[in-house]
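Asks: Can you keep this structure in mind? I'll have questions shortly.
The values are calculated or read from the model by the stated rules, or taken from the named source; none is laboratory data. Treat the numbers as computed from the prediction; the structure is a model and nothing was measured. Here the Cβ is made from the backbone with ideal geometry for all residues, glycine too, and neighbour counts use every protein chain on show.
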Amino acid sequence: MGWLLSAVFQDANNQFYVVAYGVVRVETNDACKWFLTNLQADIGDETNHAWNFISDQQKGAWEYLSKFEPETWVKVYFSHGPKVDNLTNMCEVFNAKIVNYRCKPILTMCEEIRCYLVRRMVNHKRVLENHPGKLAPVQQKRMEKLVTLSTKWTAEWVGDNERKRFEVSRKGSKVDVNLIKYTCSCNRWQLTGMPCTHALAAIMKRRDRAEDYVHPWLCMESIKKTYSHCIKLVPSAEFWPQTNYSQLEPPSSRDLLAGQKFTTDRNILLSH
Ligand SMILES: [Zn+2]
């Protein structure tokens with residue numbers, strides 16, 4: 001027994017990307033703090049990089065959430081920074097993929113997870129390196145669907161000099177699209193980075209290329225940056241350097257039940 005903690009990002013193709021994982025004996029505030037402190041040291045401070053964190057703590061109910069600022073859990077107040085509206089719990093997807101490794105002894109488990117992640121990253125790189133479009137494949141399909149839906153809306157130029165402001169309407173609904181600022185008054189474009197159906201109606205009216213209005217984080221350019229890193233090799237034990245430290249012993253019976261000693265686990269955190 002023990003707790004596998006993981007930090008999982010989402011790539012531009014809406015696939016999970018594991019940045020770090022670590023094992024702790026029990027799930028305590030101190031253990032989580034240790035993991036997050038190491039994570040922060042690795043990926044940089046969230047205030048500089050504007051990281052957004054989603055925890056999968058399953059407290060669920062409104063009573064629990066209402067203790068926090070609405071910007072952290074109510075969509076209408078969300079920041080326009082992350083450009084993500086995918087509700088898939090990436091940590092759960094990762095957990096499901098490694099279910100066969102999690103019952104193994106700690107070092108074997110960690111090594112098998114590492115090998116799985118290497119295979120996964122190599123596979124993504126192979127599949128995506130020859131993708132011809134500007135957008136990541138998932139985003140390309142998503143945009144094609146939105147373009148089809150956008151034909152139900154009517155875009156009217158409002159007369160600005162740049163010809164990039166439109167009133168877009170359908171039946172009784174009207175929204176304000178600004179193709180200079182990449183905004184729509186429905187807020188979806190700002191939240192997701194993908195032009196909404198209203199914006200696409202205006203873009204089609206101008207006969208512009210829709211992909212030119214998509215945020216770079218949804219494009220192949222971001223995929224290439226994400227997969228430009230690779231996980232370092234770990235030689236087998238006979239090639240490990242000799243040190244003056246005491247030999248690694250099997251965990252005590254209590255540790256066998258509870259996982260592994262904390263100090264040993266510290267080495268498991270991976271850098272990206
Ligand atoms: Zn809109």
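Asks: Within the stretch 221-238, work out how many residues are touching a helix residue (DSSP H, G or I) at 6+ places or on another chain (Cβ under 7 Å), of a type in the set (A, V, I, L, M) and part of a helix (DSSP H, G or I).
Replies: The qualifying residues number 1.
Asks: Could you list, ordered by first residue, the pairs with Cβ atoms under 6 Å in which the first is in the stretch 73-87 and touching a residue at least 60 places away in the same chain (Cβ under 8 Å) and outside the structural domain of residue 142 (by TED's automatic domain parsing) and the second is among the small types (Gly, Ala, Ser) and part of a loop (DSSP other than H, G, I, E, B), at least 6 apart or interchain?
Replies: 83/193
Asks: Something else: For the condition at pLDDT 85 or above and touching an Asp or Glu at 6+ places or on another chain (Cβ under 6 Å), what is the one hit in 67, 125, 134?
Replies: Exactly one residue qualifies, and that residue is 134.
Asks: Continuing with the same structure: Is at least one residue of the stretch 171-192 assigned to a loop (DSSP other than H, G, I, E, B) and of a type in the set (D, E, K, R)?
Replies: yes
Asks: Of the conditions (1) surrounded by 13 or more Cβ atoms within 10 Å (Cβ to Cβ); (2) away from the ligand (no atom under 16 Å from the Cβ); (3) assigned by TED's automatic domain parsing to the domain that holds residue 206, residue 111 fails just one. Which one is it?
Replies: All conditions pass for residue 111, except number (3).
Asks: For residue 218, work out the one condition from (1) more than 16 Å from the ligand (Cβ to nearest atom); (2) surrounded by fewer than 22 Cβ atoms within 10 Å (Cβ to Cβ) it doesn't fulfil.
Replies: Of (1) more than 16 Å from the ligand (Cβ to nearest atom); (2) surrounded by fewer than 22 Cβ atoms within 10 Å (Cβ to Cβ), only one is false for residue 218: (2).
Asks: How many residues does the stretch 163-182 contain that are farther than 13 Å from residue 152 by Cα, crowded, with 16+ Cβ neighbours inside 10 Å and either among the aliphatic types (A, V, I, L, M) or near the ligand (Cβ under 9 Å from one of its atoms) (or both)?
Replies: Count: 3.
Asks: Another question, then. Out of curiosity, is residue 106 more than 24 Å from residue 187 (Cα to Cα) and buried (at least 17 other Cβ atoms within 10 Å of the Cβ)?
Replies: The answer is yes for residue 106.
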